[in-house]
Amino acid sequence: MPKILDGVAIAAAIQQEVAEEVRALASQGIRPGLAAVLVGNVAASEIYVRNKVQSCANLGIFSELITPPATVTTGEMLALVAQLNARDEIDGILIQLPLPAQVDAKALLDAVDPAKDVDGFHPMNEGRLLAGRPALAPCTPAGIIEILKRSAIPISGQHAVVVGRSDIVGKPVALLLLHENATVTICHSKTRDLGAITRQADILVAAIGRPGFITPEMVKPGATVIDVGVNRITDRAEFDRFFAGDAKREATFARRGSTLVGDVHPKAFELAGAYTPVPGGVGPLTIAMLMANTVRAAKMRRGL
Ligand SMILES: NC(=O)c1ccc[n+]([C@@H]2O[C@H](COP(=O)([O-])OP(=O)(O)OC[C@H]3O[C@@H](n4cnc5c(N)ncnc54)[C@H](OP(=O)(O)O)[C@@H]3O)[C@@H](O)[C@H]2O)c1
């Protein structure tokens, strides 16, 4: 039976460690603070940001939710970022993506003070990551490394295959795995004979954004499979393709009219030595690492 890598439990352990750090800082009169900027009314973003703000409250981190309207301009957003950069009680600035089309997202991310860039998206932090000197690493990739380490899955010398090369997940996780001494292959939509490469993976990371894309014949038996994908499916035929005969999923689907599937077909997990489920695998780590980065930023800014 493959081992299920329980992201909920691992995230809870990290959050507990973060809460302890927050208490220790409080005794020195320091309270880490996060500003979360949520533009407009994107339903999924609202849920993500609400969860992030709630996590801050649970851990004793100060948080402020700022909600500019969907009509906001790049200039107005740059002015907001400048204000947040200047405020001493704000250690972390989170700009929830995606932004409306009229806002220049790159200009905005570049304007965030790298010392407060808790998402790790500023070119300065990307450069540090490349050079093996990560200060604030992107949360989802950092969370993947935590899952592997805390589950005692060896990384050094293993062949890690990352499918996806986004700036947010694929590239940074490949770099982090490289720094942990894995032999890393990065695949993408132009990769030829993808299955021949994924089948070589001791650690397979799927960050594609296509439901159930990694099928059983693409997985080496015994591999560790990390499924980053979060895809909501509402179509009955698609549901049956992934979850036919799964009573628990059937109940969720009947109740909500949708369910989540990762980038890995559930049948492919059966071959794995260990895997992250969707939901409850990588997802919870993203928020836990955001909290950890906020505390880290608070300490680094004060030279602690
Ligand atoms: N759990 C979490 O907290 C979390 C966080 C972030 C993202 N996610 C999820 O992770 C998934 C990936 O997110 P992302 O932001 O990295 O997505 P993205 O920016 O859309 O990147 C997708 C990557 O997959 C590659 N790809 C697409 N089709 C392919 C194919 N047929 N064969 C091989 N590679 C293919 C693309 O290749 P090209 O570069 O060649 O186009 C691209 O590099 C999404 O489902 C997203 O929702 C989850």
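The values are calculated or read from the model by the stated rules, or taken from the named source; none is laboratory data. This structure is a prediction, so every number in the text was calculated from the model and none was measured. Reconstructed Cβ throughout: ideal geometry from the backbone, glycine too, with neighbour counts over all protein chains shown. For the accessible areas, the whole protein counts, side chains as well, though only heavy atoms, and no ligand, DNA or RNA atoms are used. Shrake-Rupley method; radii C 1.70, N 1.55, O 1.52, S 1.80 Å.
Find the residue count for segment 16-30, including only residues that are more than 21 Å from ILE153 (Cβ to Cβ) and in a helix (DSSP H, G or I).
Pass one, segment 16-30, residues more than 21 Å from ILE153 (Cβ to Cβ): 16, 18-30.
The next check asks that each one be in a helix (DSSP H, G or I); those that pass are 16, 18-26.
Qualifying residue count, segment 16-30: 10.
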Hits in segment 150-177 (condition: open to solvent by 30 Å² or more (accessible area, probe 1.4 Å) and closer than 21 Å to ASP119 by Cβ): ARG165, SER166, ASP167, ILE168, LYS171, LEU175
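From the residues in segment 257-287 that are hydrophobic (A, V, I, L, M, F, W, C) and assigned to a loop (DSSP other than H, G, I, E, B), which one is nearest to the ligand (Cβ to nearest atom)? Can you show your working first?
First pass over segment 257-287, keeping only residues hydrophobic (A, V, I, L, M, F, W, C): 260-261, 264, 268-269, 271-272, 274, 278, 282, 285, 287.
The next check asks that each one be assigned to a loop (DSSP other than H, G, I, E, B); those that pass are 271-272, 278, 282.
Values: LEU271: 19, ALA272: 18, VAL278: 8, VAL282: 4 Å.
Step by step, filter segment 257-287, then rank; the result is VAL282.
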Pairs with Cβ under 8 Å, 6+ apart, first in segment 278-292 and closer than 14 Å to TYR48 by Cβ and open to solvent by less than 30 Å² (accessible area, probe 1.4 Å), second acidic (Asp, Glu) and in a loop (DSSP other than H, G, I, E, B): LEU290/ASP119
Given (1) surrounded by fewer than 18 Cβ atoms within 10 Å (Cβ to Cβ); (2) under 24 Å from PRO98 (Cβ atoms), number of the condition ALA254 does not satisfy: (2)
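Residues checked against (1) part of a loop (DSSP other than H, G, I, E, B); (2) more than 26 Å from ALA12 (Cβ to Cβ); (3) modelled with pLDDT of 95 or more; (4) of a type outside the set (Phe, Trp, Tyr):
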position	(1), (2), (3), (4)
ALA44	no, no, no, yes
TYR48	no, no, no, no
ASN58	no, no, yes, yes
SER63	no, no, yes, yes
GLU76	no, yes, yes, yes
LEU80	no, yes, yes, yes
GLU89	yes, yes, yes, yes
Selection count, segment 98-128, where residues are free of Cβ contacts under 8 Å to residues at least 24 places away in the same chain and either within 19 Å of LEU290 (Cα to Cα) or part of a helix (DSSP H, G or I) (or both): 11
GLY195 vs. criteria of a type in the set (Gly, Ala, Ser) and over 11 Å from VAL264 (Cα atoms): yes
